[in-house]
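Please read the structure below before turning to the comments.
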Amino acid sequence: METLALYYRYWGKAAYDQTDELGCHLLPYHCLDVAAVGQRLLEKHHPLRKTLQRLTGLTEKDLHASLPTLLALHDLGKFSSSFQALRPDIAQAINPTATAAAAAAQEYDIRHDQLVYTFWQRVLKSRGQQTGLIPRTGRGGEGPHPIDTCMLAMTGHHGKPPSAKHIRHERYFSEADQQAAIAFIDDILILFPCFTETLPKWDMQATRQASWWLAGFAVLCDWIGSNADFFAYNSSPASFEEYWKVAKQQAGTAIAKTELLTARPSQSIELSQLLNIKQDANPTPLQDLATTLTLGHQPQLFILEDVTGAGKTEAALLIAHRLMAAGLANGLYFGLPTMATANAMYDRVGNIYREFYESNTAPSLVLAHGARDLSDKFRQSLIPQSKHPEAGYPNEGVSPASIHCGEWLADNRKKALLAEIGIGTIDQALLSILPNKHQSLRLLGLSNKVLLVDEVHACDAYMLPLLERLLTAHAMAGGSAILLSATLPKAQRGRLMRAFAEGTGKSKPSTDKTDYPLLTHFNGESVEEHALQTRSEVKRRVSVDFISQKDQIDQQLSKWMEQGDCACWICNTVADARKIYSWLKSTHTEWQIDLFHARYCLADRITIENRVLQRFGKKGDHKQRAGQLLIATQVVEQSLDLDFDHLISDLAPIDLLIQRAGRLHRHRRDVEGNPHQQP
């Protein structure tokens, strides 16, 4: 009778309900599940594989061989008796000798992902060096090796890398635990023979840079591989070869149902499709250049500067689609300055985003910020929430992967970065380069996408360096970016251009022109600056008067309201806006006055926001606009497609005044104020 391998006496996943018929999932099976997900993603998700190859410098063959093997080691820390003792009922059921070991085990005060790296440092690495599998480096042969960095990435599958602090592994792993883990690894190397003789040639510098994306890959594989809907819990021992076949089949089913595989981009798109009109559209000079500009064959940066209302958004989307059609991207993320502008762009893109892909595909569009649920008309899930949640464990400080997976799907901010097209606030993208939990997943989600950032001039002294680091990382992973602004200083344009070029490994380019409007294009090799004219319809002279007395403002507003015009007063603070609203409401009870700022509760804010967009937006007609007065804050000055007959502004920096002036006569209208109808 064949002796049962020691590693079958360890559980890896436990059902949330202790009476659940699923019971537990053996640890070696879960490790193979995650490895199978990684293998299938590398086989099926071509943009993801291309990104990881670019970052690591590995051949496709070495990448396919290495990553599933490393993923299979991601939960070795669960071989510790301290972890097994978290569910003594299960541990005793599958390992009758576990009672004594559990009683002698160290309290579970170090998480299992940290224990993986500890076991690697103290046991596995030296064993690999003794067999000649891992070359000795540095003084005394104890120097760092790229495989150390890979293990840090794989063990960071709960959202952050483990620390390098010294931990005595004997306190957590009994002698039997260590023998079981080593036996598991020996059988893994038989199943995945890539490490039997020598390691693939990982470059140290490239591996360190790639480690952030590798960690995101490990997170994604672990979350999918922890979903019991796809990987049913199994506590019956079977041979590695038999279970590996099952795991690969289950992984293929899981990935197909997650809809993570990207849709195929369409080959062309017209401006009329972006504008959602049936007749041919007359492009602006900027939009015309966007369709004829020669693209490079590498990651590239575009900076679009033009007046408000000049069609920068459509020009950016035209360029983004050209990059997708050329195989340089498979989706986009549109980062905006506020939730209000993100909501408006979400509705705007929602009408046309399917035009970016072939008609027989089902691309996903997701909204990403902290205060709005997804619309029902778009698909809600990229990874279905498990019907069989996994149990949490005490002292972990983190949800188990399958529960976190469900929470993540409800948290569309993280989900958006994995969707083909994400619309959200810019902070959701900036979180990918900040030291916060699961930043690596966000970074992975942005890879091979076009990053569009609107209102770049709004970056302050804190946000600008963050955007620079994001552009560097995005270019490093092979992504392109498009930045939009109406008032971008030359120095800021140069900083952003140099940051992106740094990520491509090219020399720092210079930007010389001061023309306006201007399209600046870094094609991966050099910078091209295209001076433009703006369209005649948005050329306008703005008359500015300074008014310092409230009675003068009251007289001016009274005149406009009597004429049946619409107006907006933009205040610098919410307190001032509320005070002015109360004053005018009490003084002119007959006026139609609305108040819009960012401090409403969510339900009220969305209601007011939709009302403002309907009334003062592109489709608002004379009946909706006549005699309407809006008191607002900075929420209306950027990205929202609003149009007023008259504007009052508090004193503000000149770039903000230009933005606010862009809300004046923004759309073509007839003498009554109705939208201009194209012939």
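The values are calculated or read from the model by the stated rules, or taken from the named source; none is laboratory data. This is a predicted model, so every value here is computed, not measured. So basically every Cβ, Gly included, is an ideal-geometry build from the backbone, and we count neighbours across all protein chains shown.
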**Index of the failed condition, P200 passing every other in (1) surrounded by fewer than 24 Cβ atoms within 10 Å (Cβ to Cβ); (2) assigned to a helix (DSSP H, G or I); (3) not hydrophobic (A, V, I, L, M, F, W, C)** = (2)
**Message:** For the stretch 429-546, give me every one of the helices (runs of 4 or more DSSP H) that falls completely inside it and has 1 or more residues that are free of Cβ contacts under 8 Å to residues at least 24 places away in the same chain.
**Reply:** 463-476, 490-504
**Asked** How many of the residues in the stretch 239-278 are in a helix (DSSP H, G or I), under 27 Å from the mean Cα position of the chain (by Cα), polar (S, T, N, Q) and surrounded by fewer than 17 Cβ atoms within 10 Å (Cβ to Cβ)?
**Response** 1
**Message:** Can you go through E637, E672 and tell me which one is modelled with pLDDT under 85 and either assigned by TED's automatic domain parsing to the domain that holds K550 or under 16 Å from A577 (Cα atoms) (or both)?
**Reply:** E637
**Asked** Considering only helices (runs of 4 or more DSSP H) fully contained in the stretch 333-427, which possess at least 1 residues that are surrounded by fewer than 22 Cβ atoms within 10 Å (Cβ to Cβ) and modelled with pLDDT of 80 or more?
**Response** 339-350
**Item:** Checklist (1) on the phi < 0 side of the Ramachandran plot; (2) surrounded by 12 or more Cβ atoms within 10 Å (Cβ to Cβ) applied to V544, failing item
**Value:** (2)
**Prompt:** Restricting attention to the stretch 610-625, does a residue exist that is surrounded by fewer than 19 Cβ atoms within 10 Å (Cβ to Cβ), in a loop (DSSP other than H, G, I, E, B) and of a type in the set (K, R)?
**Reply:** yes
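Given the criteria surrounded by 15 or more Cβ atoms within 10 Å (Cβ to Cβ) and either more than 24 Å from H622 (Cβ to Cβ) or in contact with a Phe, Trp or Tyr (Cβ under 6 Å, 6 or more places away or on another chain) (or both), does N523 qualify?
yes
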**Prompt:** Mind checking which residues of the stretch 642-669 are assigned by TED's automatic domain parsing to the domain that holds D551, surrounded by fewer than 20 Cβ atoms within 10 Å (Cβ to Cβ) and of a type in the set (D, E, K, R)?
**Reply:** D645, D650, D655
**Request:** Out of A85, A104, report the one residue that is closer than 23 Å to I182 by Cβ and either crowded, with 17+ Cβ neighbours inside 10 Å or at pLDDT 85 or above (or both).
**Result:** A85
**Request:** Filter the stretch 549-599 down to residues that are assigned to a helix (DSSP H, G or I) and among the aromatic types (F, W, Y) and give me whichever is surrounded by the fewest Cβ atoms within 10 Å (Cβ to Cβ).
**Result:** W583
**Complete:** When restricted to A310, A316, the only residue surrounded by 23 or more Cβ atoms within 10 Å (Cβ to Cβ), farther than 18 Å from Q533 by Cβ and touching a residue at least 60 places away in the same chain (Cβ under 8 Å) is A316
